[in-house]
Amino acid sequence: MATVLELAPPGSRVGVIRLRSLGDCVLTTPALELLKRSRPDLRVAVVVEERFRAVFEGNPDVDEILAPAVGGLCGWRADVCLNLHGGTQSAWLTALSGARWRAGFGHFRHGFAYNLRIPRAQEILGVERTVHTAEHLASAVFWLGVPKGEIPRAKLSAGPGLGTSADTAGKAQATIHPVAATPEKTWRAEGFVAVAEHLRRSGTEAVFVGAASDDLTAFREFRCVAGAPLSEIKSLLASSSLFVGNDSGPAHMAAAFGVPSVVVFGASDPAIWGPWRTASEALSAPGGIAQVETGQVLAAVERLRVAA
C-alpha cells in the first residue's frame, strides 16, 4: 500500500501541529528535518503557540509558523495535517484544516478528527523498549513514508543575544537552570549554588536562567537572567560550554546545540526525556530528586570533562 508521501504530489503542503510545550517543541525538530530531507519539495508549516514560536524561528526545515487558529491553518491550505500534539484543541484544528490526509497517533482522543491513525512508535520502529520522545515523534514521519534511519539531534537556530556580560567576558560560561514546573522536578537550590561555586573556582562562570515568575534570589551571587525571550536564551545556550539543570525545556534546548549537559531528574523517565544526542549525564535517585547528592552532580561534570 502506498504511503502518504508517495501519494502526495510535488510541492504539497504539510501542516504539523505542535502547540506546546518547550521540550516537546524542541524534540519535534528532528522529525521536521527527516521530513524535509526526504521530500525537499514539501512546504512545511508548524502550528504553535506564540510563546514557543522562537523554537522554530530560523529553522530551515520550517517554511511557515502559524498561530493555533482555524483560519490560519485553513488559509494555508495544507494537503497533509499531522497532529503531534493530541488533545481537544489540536484535534479540532486537524478536523477543520481542510487537509486531504489528517493524521494523528492511534492513542489520541477525538478520533473523528483523523482519517489516518498512526500506530505505536514501537511498532513503527520495530522495537519493544521504551522510546525517547524524539523517537516517538519521528516515528510519525516514518509512517507517513520517510525512509527509516537515524534520528538526528534537535535543531535550533541562534542569533545575536545575551552572550557574556562584562565581568564574564573571556571566560568559559555554563548555563544553569535551577527551576522546574513542580517541586518533584526541582533539585535543591544549595546544590546548584555549590555547582556554580565549583565551576567558578576553575574559571567557568555560571549564568542562572529562569522565567520572569521564577525566584532566582538564592543565586544572586552569580549572573541571573529571568524572563528573557526564548530567542535570547537560545543564543545564551549556544555560547555555553556546559548546561546543568532540572529536567525541563532548557535542557532540551542545550542538547540541541550539542552542549554537554548534566540533568537532574525527579519523577520523569530519562529514557523518555533525557538529553538527545549530546554528551550528557541524567542523574536520579530511588528516593526522588531530593536524594540526588551534590557530589553526584559534581562527579558528572567532571566525567563530561568540563573545565570544572
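The values are calculated or read from the model by the stated rules, or taken from the named source; none is laboratory data. Everything quoted here is computed from the prediction, not taken from an experiment. Please note: Cβ atoms are built from the backbone with ideal geometry, for glycine as well, and neighbour counts cover all protein chains shown.
Residues satisfying the criterion are present in segment 105-116 (criterion: in contact with a helix residue (DSSP H, G or I) (Cβ under 9 Å, 6 or more places away or on another chain), surrounded by 13 or more Cβ atoms within 10 Å (Cβ to Cβ) and part of a strand (DSSP E or B)). Summed over segment 138-153, residues that are small (Gly, Ala, Ser) and in contact with an Asp or Glu (Cβ under 6 Å, 6 or more places away or on another chain) total 1. Inclusion of GLY72 among residues that are surrounded by 15 or more Cβ atoms within 10 Å (Cβ to Cβ), at pLDDT below 95 and not aromatic (Phe, Trp, Tyr) is warranted. The number of residues in segment 76-93 that are among the aliphatic types (A, V, I, L, M), under 17 Å from CYS25 (Cα atoms) and assigned to a loop (DSSP other than H, G, I, E, B) comes to 1. The set of residues in segment 120-175 being among the basic types (Lys, Arg), at pLDDT 95 or above and farther than 30 Å from ALA8 by Cβ consists of ARG129 alone. Annotation for segment 238-252: no member residue is polar (S, T, N, Q), modelled with pLDDT of 95 or more, over 14 Å from the mean Cα position of the chain (by Cα) and more than 23 Å from ARG200 (Cα to Cα).
One line per residue, one yes/no per condition, for (1) in contact (Cβ under 8 Å) with a residue 60 or more places away in the chain; (2) assigned to a loop (DSSP other than H, G, I, E, B); (3) in contact with a Gly (Cβ under 7 Å, 6 or more places away or on another chain):
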| position | (1), (2), (3) |
| --- | --- |
| ALA140 | yes, no, no |
| VAL146 | yes, yes, no |
| PRO160 | yes, yes, no |
| ILE176 | yes, no, yes |
| GLY191 | yes, no, no |
| GLU205 | no, no, no |
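For segment 220-230, filtered to residues that are touching a residue at least 24 places away in the same chain (Cβ under 8 Å) and more than 14 Å from the chain's Cα centre (by Cα), the residue that is farthest from GLU197 (Cα to Cα) is PRO229.
Within segment 7-47, the set of residues being under 21 Å from VAL70 (Cβ atoms), assigned to a loop (DSSP other than H, G, I, E, B) and of a type in the set (A, V, I, L, M, F, W, C) comprises just one member, LEU19. On inspection, GLU293 does not qualify as closer than 20 Å to ARG20 by Cβ and either in contact (Cβ under 8 Å) with a residue 60 or more places away in the chain or outside the structural domain of LEU22 (by TED's automatic domain parsing) (or both).
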